[in-house]
1. Return only the number of the condition from (1) open to solvent by 50 Å² or more (accessible area, probe 1.4 Å); (2) modelled with pLDDT of 95 or more that CYS101 does not satisfy.
2. Just give me the residues in segment 35-51 being open to solvent by 40 Å² or more (accessible area, probe 1.4 Å) and in contact with a Ser or Thr (Cβ under 9 Å, 6 or more places away or on another chain), in sequence order.
3. Just need a number here: residues in segment 20-41 that are within 16 Å of LYS74 (Cβ to Cβ) and part of a strand (DSSP E or B).
4. Got at least one residue in segment 46-61 being in a strand (DSSP E or B) and either within 18 Å of ALA113 (Cα to Cα) or not small (Gly, Ala, Ser) (or both)?
5. As an exercise: evaluate VAL41 against (1) free of Cβ contacts under 8 Å to residues at least 60 places away in the same chain; (2) touching a His at 6+ places or on another chain (Cβ under 9 Å) and give the number of the one condition it does not meet.
6. Looking at SER81, is it in contact (Cβ under 8 Å) with a residue 60 or more places away in the chain, closer than 19 Å to GLU13 by Cα, polar (S, T, N, Q) and open to solvent by less than 40 Å² (accessible area, probe 1.4 Å)?
7. Can you tell which of ALA62, ALA82 is modelled with pLDDT of 95 or more and either farther than 21 Å from PRO132 by Cβ or of a type in the set (Gly, Ala, Ser) (or both)?
8. Being open to solvent by 70 Å² or more (accessible area, probe 1.4 Å), of a type in the set (Lys, Arg) and more than 17 Å from LEU10 (Cα to Cα) is true for just one of LYS134, LYS67. Which residue is that?
Amino acid sequence: MSSAHDIGKLGSEARGARSRAHAPYSKFRVGAAVLLDNGAVVLGANVENASYGLTCCAERIALFSAKVQHPAAKIVALAVSAGDDEHPHEGERTRMPCGACRQVMVEFMAPTAQVWIDGVGTQTLGELLPAPFKL
């Protein structure tokens, strides 16, 4: 990312993606936006399922879509926005990416990649997950 303005714009994209979430059970909507080194932005939103184990997080949907749509591109940054105006989930902990999403980030992103979390701020992936599992 070249500036705070860029990460803020990516955050706005994540907020927009949040409105597309399918969260009929938890009402907890999450949107994600991935910025690639070719300038493309790929969005994702969480999709819940009555069989909760089949639910998929916005971060993973955005990351997987980015890799499928732009296989040669590098992921520069990820922005995440979580919550719901009707059913607010307050606090930093409910806004943070889950462990599964963090592990997928480690697979596809450099430790220096920026991760912006709405209401929390920006940090590197290495700060978000300092001791990742890697092969």
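1. In the conditions (1) open to solvent by 50 Å² or more (accessible area, probe 1.4 Å); (2) modelled with pLDDT of 95 or more, CYS101 misses (1) alone.
2. Correct list: LEU43, VAL47, ASN49.
3. The qualifying residues number 5.
4. Looking through segment 46-61, at least one residue is in a strand (DSSP E or B) and either within 18 Å of ALA113 (Cα to Cα) or not small (Gly, Ala, Ser) (or both).
5. (2)
6. For SER81, the condition - in contact (Cβ under 8 Å) with a residue 60 or more places away in the chain, closer than 19 Å to GLU13 by Cα, polar (S, T, N, Q) and open to solvent by less than 40 Å² (accessible area, probe 1.4 Å) - is met.
7. None of the others qualify; the one that does is ALA62.
8. Criteria check complete, one pass: LYS134.
The values are calculated or read from the model by the stated rules, or taken from the named source; none is laboratory data. These numbers come from a predicted model, not from an experiment. FYI the Cβ positions are ideal-geometry reconstructions off the backbone, even for glycines, and counts take in every protein chain you see. The accessibility values were calculated without ligands, DNA or RNA, using every heavy atom of the protein model including side chains. Shrake-Rupley method; radii C 1.70, N 1.55, O 1.52, S 1.80 Å.
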